[in-house]
Structure formats: structure tokens, C-alpha cells
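To start, the structure under review is shown below, and the notes come after it.
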Amino acid sequence: MEASGISMDDLLDSLRRSGLRVTPQRLEVYRVVAVSKSHPSVVEIYEAVRRIIPSISMDTVYRTLWTLSQIGLTSPVSSSGDRVRFDSNRSPHHHFICAKCGEIRDFTSGSLDDMPIPREAGDFGDVWGAHLEIRGLCRNCRKPGRNSKRKEPEHG
Ligand SMILES: [Zn+2]
Ligand SMILES: [Zn+2]
């Protein structure tokens, strides 16, 4: 499988090591997240999985995503809106998030990876990792005349 995530063997291994049953639902939900480079939302994942497993419910997809996230196979990423999206890229990376369309792009940065985690964050508990979210307007949304009308800044 062409994926930014792990191989199918590693996936089976991770599920078993976590004491989770290997179900077609879990495999397919993970596969959909892994082959997507766009950090799909729950609805997008649900629609893709339903093509393979028509009987799957949105609720099952949702629960499966959180199960996979608990064992570190996927991770939830908050987008610009209220929709949570899921990431299968487990190598250290950072995100560019478009404030308009919600697109999330991965990038890597050695200097960000080397940045020490502020002591203030550690005051809240154990720190497992850190990544940076850069927010802005993506190239598509920046193009004038594309998509819907852009909000004009108010004068006065
Ligand atoms: Zn955009
Ligand atoms: Zn990512």
C-alpha cells in the first residue's frame, strides 16, 4: 500500500501488541487515513470506508479513529474549523493549516525539531512531543477570484 503511515504488517503488529482485535473496520479506517495525504476529516474517512464496507456506521468510524489514535497509529489534528482531521504520518513533522479551506499540509523542519520544549508546558504534566501549527492562507485560497468571495476588511 502506498502510504505515509506504516506497512500492513506493522499495523497488524501494533493492533495485536495493544491487545486489539484485528477487524476489517480497523484495517480499512487506517488504510483510508494512511493513503490520504490531506489529513481527512471523519466524514471523508466515513465516506471512503463505506465504499468498501457499506454497513459501517459513522459512529464505528469515529470510535475506530480514536482507538487508532490511542495506540499512536493516527493522530487527531484540529483544523481551522470545528472539524477534527486525522493524520497517519508518524515521522516528526509540522503543519501548515489554511484558515479558509482548512487544508493541512505537512512540512519538516530540523530547526523546529531541535527547539527545546518550554518548561512552562512541562508544568502541566508529562510532555510526549510537540509540533508547530502555522496558520495562514493556502495558495489556492490566496488566488484572487477563486472559490467563493473573500471577506473584505471593514473600513472605519
Ligand atoms: Zn485554503
Ligand atoms: Zn500531518
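Tabulated results
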read-out: Conditions (1) under 22 Å from Arg139 (Cβ atoms); (2) at pLDDT 90 or above; (3) away from ligand 1 (no atom under 16 Å from the Cβ): number failed by Val35; value: (1)
read-out: Any hit, segment 40-56, residues being of a type in the set (S, T, N, Q) and at pLDDT 95 or above; value: yes
read-out: Any hit, segment 57-79, residues being farther than 19 Å from Leu11 by Cα, at pLDDT 95 or above, more than 16 Å from ligand 1 (Cβ to nearest atom) and outside any helix (DSSP H, G or I); value: yes
read-out: Residues that are of a type in the set (S, T, N, Q) and either without any contact (Cβ under 8 Å) to a residue 24 or more places away in the chain or outside the structural domain of Leu27 (by TED's automatic domain parsing) (or both), drawn from segment 39-55; value: Ser55
read-out: Residue selected from segment 81-105 under the condition touching a Cys at 6+ places or on another chain (Cβ under 7 Å) and not basic (Lys, Arg), by the criterion farthest from Ala130 (Cα to Cα); value: Cys101
read-out: Residue match in segment 96-111 (condition: surrounded by fewer than 17 Cβ atoms within 10 Å (Cβ to Cβ) and assigned to a helix (DSSP H, G or I)); value: yes
read-out: So Met58, is it free of Cβ contacts under 8 Å to residues at least 24 places away in the same chain, aliphatic (A, V, I, L, M) and in contact with a Phe, Trp or Tyr (Cβ under 7 Å, 6 or more places away or on another chain); value: yes
read-out: Hits in segment 80-113 (condition: among the acidic types (Asp, Glu) and within 16 Å of ligand 1 (Cβ to nearest atom)); value: Glu103, Asp106
read-out: Filtered residues of segment 22-41 (kept if assigned to a helix (DSSP H, G or I), crowded, with 18+ Cβ neighbours inside 10 Å and within 16 Å of ligand 2 (Cβ to nearest atom)); value: Tyr30, Val32, Val33, Ala34
read-out: Candidate set: segment 127-156, residues that are modelled with pLDDT under 90 and closer than 30 Å to Gly72 by Cβ; chosen: the one nearest to ligand 1 (Cβ to nearest atom); value: His131
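The values are calculated or read from the model by the stated rules, or taken from the named source; none is laboratory data. Everything quoted here is computed from the prediction, not taken from an experiment. Cβ coordinates were reconstructed from backbone atoms using ideal geometry, including for glycine residues, and neighbour counts include every protein chain displayed.
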